[in-house]
Amino acid sequence: MSLTGVLYHVAPTQPSSTRLVFALPSLSTVIYHAHTLWLFTESDLMTTMIPIPLFAIVAAPLTSLHNLPHAVFWLWFHLLHFNTSNQTATLEDETNKPDRPLPAGRISLKVALILRWTLLPMCWALSRAYSKEVMYASLWLTAFTSMYNELGGSGKHFAVRYLLNGLGFAAFEAGTTLVARDDRTLLDATGWLSIFLSGSIFATTIYAQDFRDVVGDALINRDTIPLRWGSPSRYMLFVGVVAWSLALSIIWHLDMWSAVSFTALGIYAGSRFIRYTTVEEDRNSYFYYNVWVSVAHLLPGYWRVLCGQ
């Protein structure tokens, strides 16, 4: 189905003339295409659309609820741009995520590519409407998007892949946090520290998602830590999650009970990857990993509220 209305060629009353009538798309067509756009981003609800707004609320910090819908929409719109780029760049979705728009046949590759490049200036224009600083975050994000997808960063050495993941998440968070603020031109030291730590966490632990995608990654010869090291990589992830739990507890000055609770969550989330090794269980474990990430994203709020920063 086309993303536009339908042009009908009407037989002319005079032989030398033609006229075109533009018909608005029906409600069902609008709903169909809106659902298609949502499907481009649906799988990132837990990885992006929940933890990053939570992060922005405490990192900004959010002082007006009026800013929150703006921040969520800015994030979703840029996620849509990233995902159309990502899902038109590789064929892994045919195996890993067959319900996405392209493998499901809801949209053609040609139309998806048009959408991907149309969204690029739209992201910049939306961001500039807020501030130059938000636009800079958008520019960096779109640059990392092209490096990761069209320039093949996701398929190169695993270190390049995970570094671009961390930088991309940091750019998502910088833009979302700026939009969540009343003053959208700057962030304070706590905000920048929060973004640096979050990007570092993603760069060093995001391969948790690769355990569930090993079949598709193997088909396209993607270099990932799970494929390179197999079972030992599960222990590496466990150590990384626990180490970050302890480090964040110290950095954000958590009290003893908060630190113990957060670290226990990290131990549970990380240990699941060792105890359960089927693809289905890896999907469940990845859910708990994202719960841990979401709680980690709230810790700057602890610092601001309880430590008076």
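The values are calculated or read from the model by the stated rules, or taken from the named source; none is laboratory data. Keep in mind it's a predicted model, so treat the numbers as computed, not measured. Glycine gets a Cβ as well: all are built from the backbone with ideal geometry, and neighbour counts include every protein chain shown.
On the stretch given as the stretch 25-75, residues that are in the same structural domain as Ala170 (by TED's automatic domain parsing), more than 22 Å from Ser85 (Cβ to Cβ) and assigned to a helix (DSSP H, G or I) total 10. With respect to (1) within 24 Å of Ser285 (Cβ to Cβ); (2) modelled with pLDDT of 90 or more; (3) among the aliphatic types (A, V, I, L, M), the lone exception for Leu45 is condition (2).
All of Ala189, Ala174, Ala159, Ala143 fail the test of being over 22 Å from Ile274 (Cα atoms), surrounded by fewer than 22 Cβ atoms within 10 Å (Cβ to Cβ) and modelled with pLDDT of 95 or more, apart from Ala143.
Of the helices (runs of 4 or more DSSP H) lying entirely inside the stretch 206-309, not one is found with 2 or more residues being in contact (Cβ under 8 Å) with a residue 12 or more places away in the chain, in the same structural domain as Leu164 (by TED's automatic domain parsing) and under 27 Å from Phe55 (Cα atoms).
In the condition set (1) closer than 26 Å to Ala60 by Cα; (2) exposed (fewer than 14 other Cβ atoms within 10 Å of the Cβ), Leu248 is compliant with all but (2).
For the condition modelled with pLDDT of 85 or more, surrounded by fewer than 20 Cβ atoms within 10 Å (Cβ to Cβ) and over 28 Å from Ser146 (Cβ atoms), Val72 does not qualify. The residues on offer are Ser127, Ser154, and the sole one that is surrounded by 20 or more Cβ atoms within 10 Å (Cβ to Cβ) and free of Cβ contacts under 8 Å to residues at least 60 places away in the same chain is Ser127.
The set of residues from the stretch 132-151 being in contact (Cβ under 8 Å) with a residue 40 or more places away in the chain and not in a helix (DSSP H, G or I) comprises Asn149, Glu150.
Of the residues that make up the stretch 48-69, is at least one among the β-branched types (Val, Ile, Thr), farther than 23 Å from Glu133 by Cβ and surrounded by 18 or more Cβ atoms within 10 Å (Cβ to Cβ)? If you could, list the steps in order and put the result at the bottom.
From the stretch 48-69, those among the β-branched types (Val, Ile, Thr) are 48, 50, 52, 57-58, 63; that's our starting set.
Next, from what is left, pick out any that are farther than 23 Å from Glu133 by Cβ: 50.
Still in the list and also surrounded by 18 or more Cβ atoms within 10 Å (Cβ to Cβ): none.
No, the stretch 48-69 contains no residue that is among the β-branched types (Val, Ile, Thr), farther than 23 Å from Glu133 by Cβ and surrounded by 18 or more Cβ atoms within 10 Å (Cβ to Cβ).
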